[in-house]
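J.: Encoded as C-alpha cells, here's the structure I'll be asking about.
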Amino acid sequence: MGKSANTDNRAVDFSTVSKRRSILDVLTTETYSKAELVELLSVSRSTIDRGIEELTDLGLVEHVSGEFVATNTGVVALQTHDEALDTFSNVLAADAVLARLPNGFDVPTSLFRDAIVCDRDPAALENQVEAVLDDVTAIDGFNGPFRYSLDPDTRETLVSLGEHARFVVSEESLSWLSSQYGTALDAVNDAGVRIFSVADAPPYGVFVAERTDNASVTLVVYNHTGGVEAVLVSYDAQAVEWACGLVSEHAETGTPYRGPDGDDYL
C-alpha cells in the first residue's frame, strides 16, 4: 500500500473520531448502554449504533457486560485528536508570523502546541513580551524584542542575568542600540551579558526564556519599519530545544561586542 493510501486511511480514521467525538468522550469516563447514550447525548438510536460500530472497528470502544466503554487506545486517541486540532488551529492563527518567515524555513510542528499568538495589537504585543520576560533565570536569543529597545526595565533584567543572558543582533541593530543606548549597552556588557553581532541577520527573531519551573521560545517577526509585527510563544520542550540550537548557530557566526575599553567579551 502506497504512502498516499496510508495517509488517506489515517485521514478517514481521524475524521471518524471527529465525527463521533461526543460518544467517545463520554465513554472515556463511564460505561453506558446504547439506550443511555441516546438519552445522554440527545441523538437518535441509529446515530449511536453507527457511532459505536465505527469506534469499535477502530479499537477505540469495547463492549463490556452489555455496556460500552472507551479502551485505553480510545482515551489516548481522543487526547491526541484534540491536541492535533488545537495545534492546527494555532497554525492558522499564526499566519501573521508564518507569512513573514523566509521560504523554506523549517518550523517544527511542536512550536504550535499550546502556542500563544499575538499580532496587530501593539498593547497585546508589549504585554506578551513582558509576560515572557517575567521571572526569567536565563535568556538566549537573536533579534528578539531587544532589537530596537533597551529601556530601563529590559536593561535591569539583562544586568541581573549577567552571563546567563546572550543575544545576537544584526550589525545595523547593534549600531543603532549603541547610538541610542550607549551607556545602557555598555552597562549590560559589563554585567557579563554576551552580545554578538552578525552581518546578515534573518528577518525574524527567536529567543528562549528559562525560568525555575519552565522555559519558553518566542518567535518574532517584524514589519517594514523594523517594529514587531507579531509574536508566537510556545512552552513546548521540543520547540525550546529547537530554538536553543537555532540561537547557537547564529551566535557561532557572530562577532562579540567590543566594550568601551576595547576588549571583546566572550
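Every number in this text was worked out from the coordinates using simple rules, so none of it is lab data. All figures in this text were calculated on a predicted structure; none of them were measured in a lab.
J.: Can you tell me the orientation of helix 122-133 relative to the chain, as the angle in degrees between its alpha-carbon axis and the longest Cα principal axis, to the nearest 10?
T.: 90 degrees
J.: Read phi for every residue in segment 80-87 and hand back ³J(HN,Hα) as whole Hz from Karplus 6.51 cos²θ - 1.76 cosθ + 1.60, θ = phi - 60°, with x for Gly and Pro.
T.: Each residue's phi maps through the Karplus curve to give 5, 4, 5, 5, 5, 5, 4, 5 Hz.
J.: Still on this model: Quick one: which residues, 5+ away or cross-chain, put their amide H under 5 Å from the amide H of Ala138? H built at 1.01 Å from N.
T.: Amide H neighbours of Ala138, under 5 Å, 5+ apart: Glu210.
J.: Measure nothing but the geometry: give the 0 to 90° angle between the long axis through the Cα atoms of 237-252 and the longest principal axis through the Cα atoms of the chain, rounded to 10°.
T.: That works out to roughly 30 degrees.
J.: Okay, next question. When you have a sec, figure out the Kirkwood radius of segment 78-117 from all distinct Cα pair distances and drop it here in Å to one decimal? Intermediate values should be presented prior to the final figure.
T.: Working: mean 1/r = 0.0931 Å⁻¹.
One decimal place: 10.7 Å for the Kirkwood radius.
J.: I would also like to ask the following. Classify segment 21-69: rounded, prolate or oblate, from the alpha-carbon gyration tensor (a ≥ b ≥ c, eigenvalue square roots; a/c under 1.5 rounded; otherwise prolate if a/b is larger than b/c)? Please report the intermediate quantities before stating the final value.
T.: Details: a/c = 1.41, a/b = 1.19, b/c = 1.18.
Rounded.
J.: I need to check one value: relative contact order of segment 3-81, counting alpha carbon pairs closer than 8 Å and at least 6 residues apart, in percent.
T.: 35 percent
J.: From the square roots a ≥ b ≥ c of the eigenvalues of the alpha-carbon gyration tensor of segment 176-232, which class results: rounded (a/c under 1.5), prolate (a/b over b/c), or oblate?
T.: It comes out oblate by the Cα gyration axes.
J.: Related question: Among DSSP beta bridges whose residues both lie in the chain, state the antiparallel percentage, nearest 5. Before the final figure, lay out each step's value.
T.: Details: 30 of 39 bridges.
Close to 75 percent.
J.: Further question: Under a 5 Å amide H to amide H cut-off, with H placed in plane at 1.01 Å, what residues pair with Glu67 once short-range neighbours are removed?
T.: none
J.: Okay, next question. Express the relative contact order of segment 94-256 as a whole percentage, based on alpha carbon pairs under 8 Å and six or more residues apart in sequence.
T.: Result for segment 94-256 is 32 percent.
J.: Rounded, prolate or oblate: which fits segment 94-256, taking a ≥ b ≥ c as square roots of the Cα gyration tensor eigenvalues, rounded meaning a/c under 1.5, else prolate when a/b beats b/c?
T.: The shape class here is rounded.
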